[in-house]
Amino acid sequence: MPAKHALILAAGKGTRMRTELPKCAFPILKKPMIEYIVEGVERSGVDEIVVVVGHQRKVLEDLLTERVTFAYQEEQLGTGHAALAAAEALQDKEGTTIILLGDMPLINETLIEKIFLSHEKSQNDLTVVSADFTDPTGYGRIIRDRYGRVQAIVEEADCTKDQRQITEVSTGLYAIDNRILFDVLKRIEKNENSGEYYLTDIVGIMKDDYRVGSFVIRDESRGMGVNDLYAISKAEKFLRDEINKRHMLAGVYMINPETITVGHNVTIEGNVTINPNTTITGNSTIKSGAVIGPNTEIHNSTIHNDVQVKHSLLYDSTVHERTTVGPFAHLRNNANIGRDNRIGNFVEVKKSTTGSNTKASHLAYIGDAEVGSNVNFGCGSVTVNFDGKEKHLTRIGDDVFIGCNTNLIAPIEIDDNVFIAAGSTVTENVPAWAMAIARNRQINKTDYAKNLISPKTVKVDNVTDKKKKKPTGAQKAD
Ligand code: UD1
Ligand code: CA
């Protein structure tokens with residue numbers, strides 16, 4: 001088996017995208033486009049991956065660091081010029097190189113493997129990968145002679161009227177003998193029209209002296225190139241349908257699947273229900289029995305068995321068995337919620353852990369906290385973790401009752417079996433079995449309200465106490 005190399009061209013700006021981010025880093029289902037290609041290539045078992053970067057190279061380098069070798073194309077003078085930038089990294093190597101464009105995110109390892117195999121079996125020096133496109137606009141057309149042999153790839157701008165009618169296009173993917181590649185790349189001449197060096201020209205250069213064949217991709221979508229934001233939406237739709245179908249066939253019940261987006265690296269067990277308008281992305285796992293959505297976003301999170309999440313946002317977090325989250329909860333930055341918890345309406349949890357059976361049912365903020373089991377956060381309770389400069393830790397033991405509207409000013413420790421009275425602002429540690437009350441004692445000043453209020457309600461017979469008022473015929477007593 002000859003060595004296998006991959007060369008990915010990703011130095012271009014992506015002018016047609018009209019976005020700040022370089023095109024190949026643009027996310028599809030929240031994952032940068034280039035990662036789909038690198039992942040596909042990695043899985044197909046190549047020996048080495050070289051990625052050509054240029055425009056905003058750092059963005060791509062940060063994404064792929066330690067996964068690939070980088071080559072640098074200083075000025076973007078076309079795909080042929082970009083491939084040549086990999087000379088230093090690749091040119092002395094034996095074997096077969098597959099060249100891919102950094103804007104073809106729908107390519108996968110199965111196809112890459114097939115292309116390598118076909119290239120070897122046919123003993124080609126160059127295999128051009130093409131597809132028959134319903135709408136070939138914008139792609140390079142494949143020119144064949146009357147025996148069906150590939151003669152050239154002609155970019156649309158250079159096509160004659162007749163050539164423009166051709167629907168077989170170049171996907172920009174090639175398998176080629178690595179030594180020949182770098183010889184041939186040096187022979188590419190500048191295109192008169194655009195002033196660029198076109199990789200497509202290798203076909204014309206090689207057709208007479210080498211064995212040039214083709215591999216036709218049957219599903220045209222797989223070969224699509226992404227040049228603008230409309231194409232991004234098409235690629236997303238393709239992937240969404242494909243991924244959702246795979247999950248549905250594996251026992252995931254999706255309601256209105258066209259509104260559900262599940263990322264490429266998400267694991268969902270069978271017997272999970274996903275309601276509409278839900279997005280699950282990153283390295284997320286959803287375990288059996290969970291019911292997710294509607295209107296929920298989950299990213300890089302693990303949801304254990306029988307959890308329910310509604311109308312909520314969960315990022316980089318974990319939720320254990322049978323806990324309910326939402327509506328309108330926000331878990332982020334390593335919120336680790338124990339089993340049988342309730343994280344309810346308008347509750348935010350950040351970088352905190354909870355034991356089992358803990359409840360924050362409404363309007364609470366739990367940040368930088370270690371919370372035990374059977375803790376009840378009353379409505380409006382807050383761990384006050386930030387002093388304007390630094391974040392501080394709150395520790396709460398088991399079986400703690402925190403009354404409504406309580407502020408726990410961190411750093412602070414609340415021991416087991418503590419009761420905190422509603423409305424307290426707790427600044428000191430509370431020992432086990434204590435009741436803490438930290439608010440002013442109430443004073444009722446007799447008749448003082450007469451200085452403050454002019455009553456508007458008309459009182460019958462000067463009777464103010466409702467209980468003394470007798471019900472009249474039609475009226476009912478309270
Ligand atoms: C290219 C092909 C076209 C093919 C189509 C398939 C050429 C000349 N054209 O056209 O035949 O049908 O892809 O999608 O090859 N890049 C660089 N450096 C450069 C220029 C481009 O690294 O100087 C990279 C880009 O980052 C991109 C890829 O090469 O990932 C393709 O470039 P793009 O401008 O999108 O080529 P297309 O016009 O789509
Ligand atoms: Ca393209």
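The values are calculated or read from the model by the stated rules, or taken from the named source; none is laboratory data. What you see is a predicted model; the values in this text were computed from it and never measured. Cβ placement follows ideal geometry from the backbone for every residue including glycine, while neighbour counts extend to all protein chains displayed.
Of the strands (runs of 3 or more DSSP E) that lie entirely inside segment 61-143, those containing 3 or more residues that are within 11 Å of ligand 1 (Cβ to nearest atom) span 96-101, 126-132. The condition (being closer than 17 Å to Ile99 by Cα and surrounded by fewer than 22 Cβ atoms within 10 Å (Cβ to Cβ)) is satisfied by just one residue among Glu66, Glu20, Glu42: Glu42.
In segment 144-167, the qualifying residues are those that are among the small types (Gly, Ala, Ser) and not in a helix (DSSP H, G or I), and the one that is surrounded by the most Cβ atoms within 10 Å (Cβ to Cβ) is Ala152. Annotation note: of Lys469, Lys391, Lys476, Lys459, the sole residue that is surrounded by 13 or more Cβ atoms within 10 Å (Cβ to Cβ) and at pLDDT below 95 is Lys469.
Tallying residues that are in a loop (DSSP other than H, G, I, E, B) and within 13 Å of ligand 2 (Cβ to nearest atom) within segment 1-21 yields 5. Thr110 falls short on exactly one of the conditions (1) buried (at least 24 other Cβ atoms within 10 Å of the Cβ); (2) within 34 Å of the chain's Cα centre (by Cα), and that condition is (1).
For the condition outside any helix (DSSP H, G or I), crowded, with 22+ Cβ neighbours inside 10 Å, within 14 Å of ligand 1 (Cβ to nearest atom) and under 37 Å from the mean Cα position of the chain (by Cα), Ser170 qualifies. Only one of the listed residues (Ile180, Ile217) is farther than 18 Å from Ala10 by Cβ and touching a Gly at 6+ places or on another chain (Cβ under 6 Å). That residue is Ile217.
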